[in-house]
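Engineer: My questions will all concern the structure given below.
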Amino acid sequence: MSLIKKADFIVSKKDYGKICPSFAKEFTAKGKVKKATLQASAFGVYNAYVNGNRVGDYILAPGWTAYQSRLQYQTYDITGLIAEKNIIEINLGWGWAVNNLAHFGKIPWKPHANQPVLIAAVEIEYENGDVDTILTDNSWKVSMSELLMSQIYDGEIVDGRIIGERNWEEVKIFPYPRDILIEQEGEIIREIECLDAKKIITTPKGETVIDFGQEITGYIEFTPMGKYGDIIEIDHAEVLDAKGNFYTENLRSAKAQITYICGEENKKYKPNHTFFGFRYIRLTKWSGEVDKANFKAISVHSDMKRTGYFECSDPMVNQLYSNVIWGQRDNFLDVPTDCPQRDERLGWTGDANVFFKTAAINYDVERFFKKWLRDLRAEQFYNGAVPCVIPNVLRDNPTDDFFSSSYWGDASCVIPWEMYLAYGDKEFLKDQYFSMQRYVDYMRNSGECEFLHDDFYHYSDWLALDGVYDCEENDIDKDYKIILATGAYAGSVDILIKAGKVLGVDVSEYEKLHENIVKTYNERFIIDGDVKYKTQTMYVVAIHFGLVKDKALYAKRLADLIKANGNRLTTGFVGTAYLMQTLTENGYTDVAYSLLLQQEFPSWLFSVRMGATTIWEHWDSIREDGTMWSTEMNSFNHYAYGAVASWMYSTMAGINYDESNPAYKHIIIKPEPDKRIGWVKASLDSRSGLIKSAWKYDGDKVTYNISIPDGATATIILGDDTYEVSGGDYEYTK
Ligand code: BGC
C-alpha cells in the first residue's frame, strides 16, 4: 500500500476564510540519507517546500479529477533537499475542490470542503537501512500565509509585507476515505514557455496595458515596484475593444486579477495557485515607471508531447493552424476545458468530442485523455447518461440531472474509439466498452421510441448561424432536435459495433438497432426525398452518420447550399466538426478549400484577419466593425472550431490512419492538393513512427514527398493512382 494512504487528511482548526493556509512539520534526519520521497495531495491545490526549496515543478497539483472518488497524489524525490534539521511546508490554494466553480448560481456545486485540506507522507531511507516516515496527522501545524486569496476564477492577493511570516496553530483531522487516492495518472501540468512583453500601450482611456502578442493560459512574472504598503493591481484580458480599450466584460464574474501589497524588499513574483487566459494585462494600480523587460508571460498546461506539424504556402492558414495549436495548449490544463478565462473553464464533453481527432494529431494525448475518460466513467450516471462537464461540477446533488446532451454525452463513445484508432490500446478500449454501451443504452431508452433519440436537455448545433436553431435548447424546434440527436445516436451505435467487433463481443443486437435507427430516420425525416430542415449541418449529419443512402445526392445539395451562401459556412459546434471531411469524402474538396480560404464572416480566416491568436468561440466573437458578439458568452479561446485542423492533416497533407489496422501500423496517404495553395508540409510522430507528407506545385505538376516509418505499411493514393508501400521515402510527380 502506498504510504500516503496511511496519512490523515488534515485541515486548519480555525477557519481562515479565503486566506491560503500553510501546513508544516519539522523533523530531524537521524543519519545519512540514502533516499527521501514526499507524497502529497489535497482538496485544493498545493505547493510543497522542503527547507524553503520548492519541491518539483508541478503547477496546480494535484490536478483535477472527479474528487469524490478519484484524487491524484504525486510522488517527489526530495533526497537532495534534506538537511539535518528540516521543515516541510505545504501551501494550499482553493483550486478546483474548494471553489464554487462555474457561474451557474442556481445549482451551486457542493465543494468537498470549505477550506483546503492536505494529505502528505514523507519517507526517509537512511544509508544504515533505517526508515523514517512522517505522515500528516494532528501533530502538524498550520498558519495563515501571505496569500490572502488564491482562486481559479478570481486570481490572487499577496501581502508582500508578511512573506514567510508564520504563526503556527492547530490542525484537525478531516475525516475522508483514503481509498479515493490514486497515483498521478494524467500528464503533469508545467510551465511550458516564457513569452516576452511585446509592447506597452496607453489606451484611449489612458490606461497602461502590456501586450504579449499571443493569448496564453498561465500567468505573468514580474518584480513588484513600489514602497512598503503600496498596492499593485494587475488585470488580465484577451482582447481590446473597438476603441482599443482593455476589455474584461467577457470574463463575466471572474475577477482574474492580481493584487500585490508591496513589502520592504520585493522579490520576483508569479501567482501560486491560479491561472488566467490572457494576451493583455492592465497595470490598473502601479507606482513608478513601467519597464517592458520586467514582465514575462508564462504559458502553463499539461506537458504533452507535440506530435503533429503542419505548414503551407498561405500565411493566413498557417496562423489559423497556430491558433488551433495554442487553443489546445491553452485548454489542455489537466482536463480539456472549454475556455481558460471566464467563470467557466470546465471539462465540457461536447467540445472535447468534436476536437479530439485534431488534438490526437497535434499532441500525444493518450495519457491525458485516459485520465479524463476514467473520470467520465466515474461521473457517468446510474442510467448511463453522461454529464455535460467532466468532472461534473454542475451537479447539485446525486439525485439530480441524470441526462446528457447528444454530441456532449457521445464523447463517451467517440473519444475511446478515436483513442484506439490513434494509439491502438485495445485493453483501454475494453475498459471503456461498458461505459460506451451504457451510454448507448441510455439513448435507446430516452427517445419517443427506441430508434430515435431525444434529449431532455439539448445543446443542438451549438452556436450555429442557421436562423432560429442557434442557441439555447428552448429555441429549438423539436424535430430539429430529434434529428440531430438521432445522428449522434447512430454514430455512437456504429462505434459500439466497431469497438465490439475489435473486442470480440457479440454486437448483432446493436447492428439490428443501427438498421432500425436509419430506417426510422428515413421514414420520419426524409420528406419529399430531402432532409426536413435544409441547413448545412442537417446535410452533414445525414451524410456523416450514414443516415442516408444516396450520399452523392445529399453531398451535392450540401455543396450547392454552401456555394449559394457565397462559400460560407453556417454550422455550429456539431456541423463544423464533420463539415470538411464530409465534403472531401464525397468529392467536394474544392468546396472545402473555398471554406478554408474564405476570409469574410463567417469563416475561420475571418478571425485570423481580425487578429486572433487562438480560436474564437463564435464565428463573430468580434465583428467587422470591432464590436463584440455579446458580453455574456464570448470567449476568444475556445478550441471547438479548431477541429478543422484534422482536415488539414488528413486532406491537405493526406495523413490518415486505417481503421482496420490502427495506430498507423497501416497508413493511408491521400493528399488532395488545390492550386490556391502552392505547397503543404506536414508530419505526425505516430505510435508507428514519424510519418511525413509534403507536396508542391510546379506549374500544373505536383511533386509529392512522403515518408513512411520502418515497420509500417502504407497505401498512397494520388488521384487515380494507388501505391502499396512499406517504410521508406517516396517521391512522385503528377
Ligand atoms: C461552453 C461551451 C459548452 C456549452 C454547452 C458553454 O458555456 O463554453 O463550450 O460546450 O456551454 O453548450
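The values are calculated or read from the model by the stated rules, or taken from the named source; none is laboratory data. Bear in mind that the values here come from a model prediction, so they are computed numbers and not experimental data. Counting neighbours? That spans all protein chains shown, and the Cβs are built from the backbone with ideal geometry, glycine included. Surface areas here come from the heavy atoms of the whole protein model, side chains and all, with no ligands, DNA or RNA. Shrake-Rupley method; radii C 1.70, N 1.55, O 1.52, S 1.80 Å.
Engineer: Would you check which residues across the stretch 671-691 are within 31 Å of the chain's Cα centre (by Cα) and free of Cβ contacts under 8 Å to residues at least 24 places away in the same chain and list them?
Structural biologist: Leu690
Engineer: Let me ask something additional. I need a count of the residues in the stretch 567-622 that are part of a helix (DSSP H, G or I), open to solvent by less than 10 Å² (accessible area, probe 1.4 Å) and among the aliphatic types (A, V, I, L, M).
Structural biologist: Number of matching residues: 9.
Engineer: If I ask for residues that are within 16 Å of the ligand (Cβ to nearest atom), open to solvent by 10 Å² or more (accessible area, probe 1.4 Å) and either at pLDDT 95 or above or touching a helix residue (DSSP H, G or I) at 6+ places or on another chain (Cβ under 6 Å) (or both), which ones from the stretch 631-667 would you list?
Structural biologist: Thr631
Residues are listed down the side, and each one gets a yes or a no for (1) in a loop (DSSP other than H, G, I, E, B); (2) over 30 Å from Phe369 (Cβ atoms):
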position: Glu187; (1), (2): yes, no
position: Arg190; (1), (2): no, no
position: Gly206; (1), (2): yes, yes
position: Asp211; (1), (2): no, yes
position: Gly226; (1), (2): yes, yes
position: His236; (1), (2): no, no
position: Asn250; (1), (2): no, no
position: Ala254; (1), (2): yes, no
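Engineer: Could I ask something else about it? Could you check Ile157 against (1) among the hydrophobic types (A, V, I, L, M, F, W, C); (2) open to solvent by 10 Å² or more (accessible area, probe 1.4 Å); (3) out of contact with any Leu (no Cβ under 7 Å at 6 or more places or on another chain) and say which number it fails?
Structural biologist: Status for Ile157: all satisfied but (3).
Engineer: From the set of residues in the stretch 636-650 that are in contact with an Asp or Glu (Cβ under 7 Å, 6 or more places away or on another chain) and not aromatic (Phe, Trp, Tyr), which is nearest to Leu596 (Cα to Cα)?
Structural biologist: By that ranking, first place goes to Ala640.
Engineer: Determine whether Lys696 is more than 20 Å from Gln328 (Cβ to Cβ), touching a Phe, Trp or Tyr at 6+ places or on another chain (Cβ under 7 Å) and among the basic types (Lys, Arg).
Structural biologist: yes
Engineer: Right, next: Please enumerate the residues belonging to the stretch 21-36 that are in a strand (DSSP E or B) and open to solvent by less than 30 Å² (accessible area, probe 1.4 Å).
Structural biologist: If the condition is that a residue be in a strand (DSSP E or B) and open to solvent by less than 30 Å² (accessible area, probe 1.4 Å), then Pro21, Ser22, Phe23, Ala24, Phe27, Ala36 are the ones that fit.
Engineer: Ile543 - would you say it is at negative phi, touching a Lys or Arg at 6+ places or on another chain (Cβ under 6 Å), of a type in the set (A, V, I, L, M, F, W, C) and buried (at least 22 other Cβ atoms within 10 Å of the Cβ)?
Structural biologist: yes
Matching residues to (1) closer than 20 Å to Arg374 by Cβ; (2) of a type outside the set (A, V, I, L, M, F, W, C); (3) open to solvent by 10 Å² or more (accessible area, probe 1.4 Å):
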site	(1), (2), (3)
Phe295	no, no, no
Asn318	no, yes, yes
Asn323	no, yes, no
Arg329	no, yes, yes
Phe332	yes, no, no
Asp343	no, yes, no
Gly350	yes, yes, no
Val354	no, no, yes
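Engineer: Just one of (1) touching a residue at least 40 places away in the same chain (Cβ under 8 Å); (2) hydrophobic (A, V, I, L, M, F, W, C); (3) closer than 29 Å to Gly155 by Cβ trips up Ala36, so point out which.
Structural biologist: Just one mismatch for Ala36, condition (3).
Engineer: Moving to a separate point now. How many residues does the stretch 350-369 hold that are within 11 Å of the ligand (Cβ to nearest atom) and over 17 Å from Gly186 (Cα atoms)?
Structural biologist: Within the stretch 350-369, residues that are within 11 Å of the ligand (Cβ to nearest atom) and over 17 Å from Gly186 (Cα atoms) number 5.
Engineer: Can I ask one more? One residue is enough: does the stretch 398-405 have a residue meeting the conditions within 16 Å of the ligand (Cβ to nearest atom) and hydroxyl-bearing (Ser, Thr, Tyr)?
Structural biologist: yes
Engineer: Further question on the same structure: Could you give every pair whose Cβ atoms fall below 9 Å, whose first residue belongs to the stretch 529-557 and is more than 17 Å from Tyr480 (Cα to Cα), and whose second residue is basic (Lys, Arg), counting only separations of at least 6 or pairs across chains?
Structural biologist: Between residues of the stretch 529-557 that are more than 17 Å from Tyr480 (Cα to Cα) and residues that are basic (Lys, Arg), the close pairs are Arg557/Lys534.
Engineer: Being under 13 Å from the mean Cα position of the chain (by Cα) and within 16 Å of the ligand (Cβ to nearest atom) narrows it down to one residue among Val389, Val393; which is it?
Structural biologist: Val389
Engineer: Still on this structure: Do we have any residue at all in the stretch 45-66 that's under 31 Å from the mean Cα position of the chain (by Cα), charged (D, E, K, R) and open to solvent by 50 Å² or more (accessible area, probe 1.4 Å)?
Structural biologist: yes
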